[in-house]
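Structure, as structure tokens:
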Amino acid sequence: MAIGNPMHNPKIKELYMNIIFDKQKISEAEDKKQTKVMIDKWCIDLGAFDWKKQKSCEFILTNIGKELLVVDNVVTSCGCTTVEYSKVPVQPEKNLILKVNYIADHPEYFNKTITVYCNAEDSPFHLKISGNAK
């Protein structure tokens, strides 16, 4: 007697999918309400500066939707870039400021990415900073 592919058995498939993908996390993601975000600028050129000094800039995210804006995570492309921001959900028509700090390890031209994960329709957002640390 041939057993066949267990994935064709709906009960086994459901059990397998619940183990592989944490079902609770999936249902939480499906329940999360989406909003809309406007970003003041997508790329900031920090210009030329002394590589031994920290350089900072800000990105402004405006919640233009009807739901709260919730930032889940902000990831930078390297350890030389850090981001400070409020973890409090942003009300509609209010702003969230991402303060980006860059510290060079050595003189270099750089082009770094800041990825913002949130409950906005187009998330994740990829913001860029560049410059020349001399």
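The values are calculated or read from the model by the stated rules, or taken from the named source; none is laboratory data. In this text, all values refer to a predicted model and were calculated from it rather than measured experimentally. All Cβ positions, even for glycine, are placed from backbone atoms using ideal geometry, and neighbour counts span all protein chains on display.
Could you list, in sequence order, the residues of the stretch 102-118 that are of a type in the set (D, E, K, R) and within 21 Å of the chain's Cα centre (by Cα)?
Correct list: LYS112 only.
Scan the stretch 88-113 for residues that are assigned to a strand (DSSP E or B) and under 13 Å from LEU68 (Cβ atoms) and report the count.
2
Kindly provide the set of residues from the stretch 27-50 that are modelled with pLDDT of 95 or more and either aromatic (Phe, Trp, Tyr) or not in a strand (DSSP E or B) (or both), ordered by number.
Of everything in the stretch 27-50, those that are modelled with pLDDT of 95 or more and either aromatic (Phe, Trp, Tyr) or not in a strand (DSSP E or B) (or both) turn out to be LYS36, ASP40, LYS41, TRP42, PHE49, ASP50.
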